[in-house]
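Novice: This is the structure I want to talk about, given as C-alpha cells.
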Amino acid sequence: MSFFKKVYNVLSDKRDIKEPVVLKDFNPKNNMIDALTKMAESNDSNVDQKKVQQHLKLFSIGQTGESSVMYELKNSMLPIVILHDVNIEFEDYKAQLDFVIVSHKFILVLEVKKLFGNITVTDKGEFQRVVTKNNRVVNKEGMYSPINQVERHVAILEKLLKARGVITKCPIRYAVTFANPKTIIDVSKKAPAHIQKSVIRHDQIKSFLTAELKKESPVFMLDHMVMDIAEAIKDSCKEKEFDESQYLMEDSVAVEPIVENKIAPSFPDKNNVKYVLIDYRSKKAKQQECAPYHVFTNKTVSRAQ
C-alpha cells in the first residue's frame, strides 16, 4: 500500500465500531446435533446408539454454554467484532474455535467449556474436575488442559493469517471461559501466570475484555483494518462435515474397506456367491450415492455363503 493511500485511510476512516458487531452469529440450529438426533431416532442396528447419545448430550451442553457466552459478548458494549464457531484448516492442521474476537488492539480466541462440577488448577497448571455432593468430594479426575488446546488454536490461526498476509504485528491472545454458572473455579496462586490470567467465568468476560483493551499493544488498527481481518477469518471458515462412520458399530465399518479391497478386480468369480453379492452391493451403493452397508450388511453376505 502506498504512503498516500495509508494517509488517506487514516484521514477518512471513521470510528464506527463503538459496540459489538456480530459478523458470524450463534446458530441455534447445529448441524452436528441435527445429524446425531436423526441417528438417535433411526432403527439402524449398525448405529452405536450409546456413543450417539453421549455425543448428542455433550454437543447440546456445549451449545447451551456458547449461547450464554454470545449473550455476554453481545451485551458487553465494547468495540469488538464477534465470530462464533470458526472452523479453519491450514496445511495439515485443523481447528474449531468457539469464538474469535477482533478489536482495534488484538485478536482474541475464546475457548468455551461447560462442565458439570468444579474446576481446580494445581500449582503445576494441571486441570482437575471435582464433583461434590453434600460438601463431600465424590469424584475427582484430571482433564486435558484447555489452555494447551486454545494455544494450539491460536498457533494455527496465526499461521493462517500471516501466510495470507492478513496480519503482521497484530497480537493474538486467548482465554478459556467456563459457562456453567454453578461451577467454582479454584486456580492455585502458584499456578503458571499465563494460566491464572487466562481462565475466567463467563460472567467475567466483559471485565476481562475491558482490561485487555486497556493494555499496551503494538498496533491500534483503524475500523476498516479490523473488519478486513474479521472478514478474512470468516472467509477462511470451513463447513464442518458430519462423519457418520464414527458412530457405526465396529463390525459395520472396520470390515468394509478390507472386504471391498479384496474384490478390486472388475470381474468377480461368478461361482462365488460372496463375491457376486459384494460386487452388486458396491455398484448399487455408487448408483444410490450411499455407503455399501446401507444396501445390505456383511452379516447378510455371510448368511448367503
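Novice: Just to verify a result, which residue in the stretch 64-84, among those that are small (Gly, Ala, Ser) and touching a His at 6+ places or on another chain (Cβ under 8 Å), is modelled with the lowest pLDDT? I'd like the intermediate steps shown before the answer.
Specialist: If we filter the stretch 64-84 for residues that are small (Gly, Ala, Ser), which is where we start, we get 65, 67-68, 76.
Pick out the ones that are also touching a His at 6+ places or on another chain (Cβ under 8 Å) and you get 65, 68.
Working: Gly65: 82, Ser68: 93.
Of everything passing the filter in the stretch 64-84, Gly65 is modelled with the lowest pLDDT.
Novice: Residues in the stretch 63-104 that are crowded, with 17+ Cβ neighbours inside 10 Å and either of a type in the set (A, V, I, L, M) or without any contact (Cβ under 8 Å) to a residue 24 or more places away in the chain (or both): how many?
Specialist: Total meeting the criteria: 15.
Novice: Further question on the same structure: Give me the pairs, please: first residue somewhere in the stretch 7-24 and among the hydrophobic types (A, V, I, L, M, F, W, C) and part of a helix (DSSP H, G or I), second residue anywhere and surrounded by 13 or more Cβ atoms within 10 Å (Cβ to Cβ) and at pLDDT 85 or above, beta-carbon distance under 7 Å, and either six or more positions apart or on two chains.
Specialist: Within 7 Å, the pairs are Val10/Leu222.
Novice: Being aliphatic (A, V, I, L, M) and surrounded by fewer than 18 Cβ atoms within 10 Å (Cβ to Cβ) is true for just one of Val138, Val154, Val150. Which residue is that? Full working, then the answer.
Specialist: On the way: Val154 fails: surrounded by fewer than 18 Cβ atoms within 10 Å (Cβ to Cβ); Val150 fails: surrounded by fewer than 18 Cβ atoms within 10 Å (Cβ to Cβ).
Only one candidate qualifies: Val138.
Novice: Same structure, new question: Output the number of the condition that Thr177 fails; it satisfies all remaining conditions of (1) outside any helix (DSSP H, G or I); (2) surrounded by fewer than 20 Cβ atoms within 10 Å (Cβ to Cβ).
Specialist: Failing condition for Thr177: (2).
Novice: Among the residues of the stretch 30-45, write down those that are of a type outside the set (Ser, Thr, Tyr), over 18 Å from Ile61 (Cβ atoms) and not in a helix (DSSP H, G or I).
Specialist: Asn43, Asp44
The values are calculated or read from the model by the stated rules, or taken from the named source; none is laboratory data. Owing to the predicted nature of the structure, the values given are computational and were not obtained by experimental measurement. Ideal geometry is used to build each Cβ from the backbone, glycine not excepted, and the neighbour counts take in all protein chains shown.
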